[in-house]
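Colleague: Supplied in structure tokens, the structure appears directly below.
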Amino acid sequence: MGSDLHRYAVKAAGLAAALAMLAAVAFGCSEVSRKEVRSWTYPPDFNYISSRELRSIMSEIAGQIAALNALLRSEPPADAATRAEAVQRLQALDRAAQRLGPEGWPSNHPRITDNAQRFQRDIRLALLAAQREPPQYFLAGTLSGSCSICHGAD
């Protein structure tokens with residue numbers, strides 16, 4: 001009788017372990033569930049950025065900076081069409097940088113926590129300078145250097 005009870009307990013434990021693993025796999029594969037878990041494991045003022053979202057944001061920033069640099073290298077860089085496009089690019093950069101998170105909030109990417117606020121400020125200053133009369137593009141031309149703070153050459 002003792003061995004039957006032991007076999008039953010082993011089978012029950014195995015079944016419970018299998019069900020727990022199945023639940024963990026099902027729970028882990030659900031995007032909604034991951035978001036729910038993050039809402040329980042991170043404080044409300046924590047800016048969680050998924051890897052996919054971070055790649056998307058960084059791709060947008062890189063594309064806008066490359067286009068802005070190409071624009072500023074054109075001859076002459078002071079006409080109205082160039083100014084309008086520079087302002088448009090800087091506004092798009094600002095929107096992308098804002099997706100990195102609110103000012104001063106911690107995130108799951110320490111470099112973003114440390115540098116996003118500075119980068120967002122640099123973009124806003126470059127945008128204000130480009131909107132001046134006459135426009136000034138020096139700060140816009142330095143934005144790609146801001147990227148090297150996090151992505152600098154080793």
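The values are calculated or read from the model by the stated rules, or taken from the named source; none is laboratory data. Just so it is clear, the model here is predicted, and its values are computed rather than measured. Methodologically, a virtual Cβ is constructed for each residue, glycine included, from the backbone with ideal geometry; neighbour enumeration extends over all protein chains shown. The accessibility values were calculated without ligands, DNA or RNA, using every heavy atom of the protein model including side chains. Shrake-Rupley method; radii C 1.70, N 1.55, O 1.52, S 1.80 Å.
Colleague: Quick check: anything in segment 37-52 open to solvent by 60 Å² or more (accessible area, probe 1.4 Å), among the β-branched types (V, I, T), modelled with pLDDT under 90 and assigned to a helix (DSSP H, G or I)?
Modeller: For segment 37-52, residues open to solvent by 60 Å² or more (accessible area, probe 1.4 Å), among the β-branched types (V, I, T), modelled with pLDDT under 90 and assigned to a helix (DSSP H, G or I): present.
Colleague: May I pose another question? Return the residues of segment 67-81 that are outside any loop (DSSP other than H, G, I, E, B) and closer than 16 Å to L127 by Cα; say none if nothing qualifies.
Modeller: A67, L68, N69, L71, L72, A80, A81
Colleague: Quick check on this structure: which one of L72, L15 is open to solvent by less than 80 Å² (accessible area, probe 1.4 Å) and at pLDDT 70 or above?
Modeller: L72
Colleague: So how many residues does segment 94-136 have that are under 18 Å from E53 (Cα atoms) and in contact with a Leu (Cβ under 7 Å, 6 or more places away or on another chain)?
Modeller: 4
Colleague: A further question follows. Are any of the residues in segment 146-154 closer than 27 Å to A80 by Cβ, in contact with a Lys or Arg (Cβ under 6 Å, 6 or more places away or on another chain) and either open to solvent by 20 Å² or more (accessible area, probe 1.4 Å) or part of a helix (DSSP H, G or I) (or both)?
Modeller: Scanning segment 146-154, I find no residue that is closer than 27 Å to A80 by Cβ, in contact with a Lys or Arg (Cβ under 6 Å, 6 or more places away or on another chain) and either open to solvent by 20 Å² or more (accessible area, probe 1.4 Å) or part of a helix (DSSP H, G or I) (or both), so the answer is no.
Colleague: Is there any pair linking a residue in segment 47-58 that is on the phi < 0 side of the Ramachandran plot to one that is loosely packed, with under 14 Cβ neighbours inside 10 Å and modelled with pLDDT under 85, with Cβ under 7 Å and at least six apart or on different chains, and which?
Modeller: Taking only residues 6 or more apart or on different chains, the pairs are N47/P102; Y48/R38.
Yes or no, residue by residue, for (1) open to solvent by 30 Å² or more (accessible area, probe 1.4 Å); (2) free of Cβ contacts under 8 Å to residues at least 12 places away in the same chain; (3) part of a loop (DSSP other than H, G, I, E, B):
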| site | (1), (2), (3) |
| --- | --- |
| R95 | yes, yes, no |
| R118 | yes, no, no |
| R121 | yes, yes, no |
| L128 | yes, yes, no |
| E133 | yes, yes, yes |
| Q136 | yes, yes, yes |
| A140 | no, no, no |
